[in-house]
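Below: one structure, written as structure tokens.
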Amino acid sequence: MIVLSSELLVIALGGNALIKKDEKGTFEEQYKNVQYVAKLLVSLILMNYKIVITHGNGPQVGATLLRHEAGQKLFNIPAFPMDACNAETQGFIGYMIQSALKNELNQKKIDREVVTVITRVIVDKNDPAFKNPTKPVGPFYNKDEIKIVLEKHPDWRIIEDSGRGYRRVVPSPEPKNIVEFKVIKTLIDNNFIVIAAGGGGIPVIEENGILKGIEAVIDKDLASERLATLIGADRLIILTDVDAAYINYGTQHQRKISYISVNQLKKYYEEGHFKPGSMGPKILASIRFIENGGKEAIIAHLDQLIDAIKGKEGTHVIP
């Protein structure tokens, strides 16, 4: 028996939804991965959930920046700033998800439309993140490659990224508001399936009523929380490449968190159990969502989406 729901879910797709480990990130590879995701999402639609899809863009925006740089050096084609590159990745990733999802809906004879909203996110121009870049973007490098990369890009800051290699980091300011959230809410209310806030949204600052882009990348989980809160979502689901959040992760004392109150999770967060570059933003987004009135936040592996929704897998954060 299928249990039907009318809940509104914001589903934040992690990087593994688009590019798997050891893949180069070709369009064909990414689209094949998105087709798998589309099947999972349509399963939720068949259960009558309303869904809004967000996604990351770390590898994609890094690659886009490199393409612009190469075009400028080789062919004197002007390179675009980072906010415009964010918009580019929102467009092509949205296109992939939109196409795969609509095709899967057609296969299931479901008459629903899918739309991608190019989404801007307001940040504070005085955010301290602009002086302390922390957000990984682009490809992974090994130790031998770092020297070569820094010779070409002496202004880059490169850090070790969660044991997976070394990556460039860029400013990641706090998302304050979603410019298009009323548009997104209107689309949801009219039964559209919406893809929004891709890559954390396009960062913009507001000066005297004028919005303009700024060079940064916003964390997609924190932006997803902002969107989920503003549109009144019931649940925020953050999908990643691990099965749950853990305390004492990577030690002999590690323990999986299945169900936890927001107050207890906040205590663990403040004790430093979650790394800033990996699980930290997911935990912080979950805490904020519940504190702002959400019913439940879930952190789970992409493959466990359906079981996580049913309460069988993942980490569940509740009031």
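Of the residues making up the range 232-286, just one is within 17 Å of D307 (Cβ to Cβ), at pLDDT 95 or above, assigned to a loop (DSSP other than H, G, I, E, B) and charged (D, E, K, R), namely D243. In the set E174, E215, E207, only one residue is within 26 Å of R67 (Cα to Cα), of a type in the set (D, E) and surrounded by fewer than 18 Cβ atoms within 10 Å (Cβ to Cβ); that residue is E215.
Taking every residue in the range 120-141 that is on the phi > 0 side of the Ramachandran plot and pairing it with any residue that is of a type in the set (G, A, S), at least 6 positions away or on another chain, the pairs with Cβ-Cβ distances below 9 Å are G138/G58; G138/G62; G138/A63. Residues in the range 236-256 that are β-branched (V, I, T) and more than 21 Å from K220 (Cβ to Cβ) were compared, and the one that is surrounded by the most Cβ atoms within 10 Å (Cβ to Cβ) is I247.
Might you check whether a residue that is under 21 Å from I97 (Cβ atoms) and β-branched (V, I, T) occurs anywhere in the range 203-223? Looking through the range 203-223, at least one residue is under 21 Å from I97 (Cβ atoms) and β-branched (V, I, T).
Pairs linking a residue in the range 229-240 that is more than 12 Å from G293 (Cβ to Cβ) and hydroxyl-bearing (S, T, Y) to a residue that is at pLDDT below 95 and part of a loop (DSSP other than H, G, I, E, B), with Cβ atoms under 6 Å and 6 or more positions apart or on different chains, are T240/G14.
The set of residues from the range 46-84 being among the hydrophobic types (A, V, I, L, M, F, W, C), in contact with a strand residue (DSSP E or B) (Cβ under 7 Å, 6 or more places away or on another chain) and either surrounded by fewer than 14 Cβ atoms within 10 Å (Cβ to Cβ) or over 22 Å from V217 (Cβ atoms) (or both) comprises just one member, I51.
Within the range 129-147, the residues that satisfy the criterion of being assigned to a loop (DSSP other than H, G, I, E, B) and surrounded by 11 or more Cβ atoms within 10 Å (Cβ to Cβ) are N132, P133, T134. Scanning the range 287-308 for residues that are part of a helix (DSSP H, G or I) and over 22 Å from P171 (Cβ atoms) yields I287, F289, I290, E291, L302, D303, Q304, L305, I306, D307, A308.
Residues considered: I19, I11. Of these, the only one that is touching a residue at least 60 places away in the same chain (Cβ under 8 Å) and either closer than 16 Å to G198 by Cβ or touching a strand residue (DSSP E or B) at 6+ places or on another chain (Cβ under 7 Å) (or both) is I11.
Quick check on my filter: what residues within the range 45-62 are assigned to a helix (DSSP H, G or I) and either under 19 Å from the mean Cα position of the chain (by Cα) or free of Cβ contacts under 8 Å to residues at least 60 places away in the same chain (or both)? G58, P59, Q60, V61, G62, listed by residue number.
No other residue among I146, I118 is modelled with pLDDT of 95 or more and of a type outside the set (S, T, N, Q) apart from I118.
The values are calculated or read from the model by the stated rules, or taken from the named source; none is laboratory data. Just so you know, these numbers come straight off a predicted model, no measurement behind them. So basically every Cβ, Gly included, is an ideal-geometry build from the backbone, and we count neighbours across all protein chains shown.
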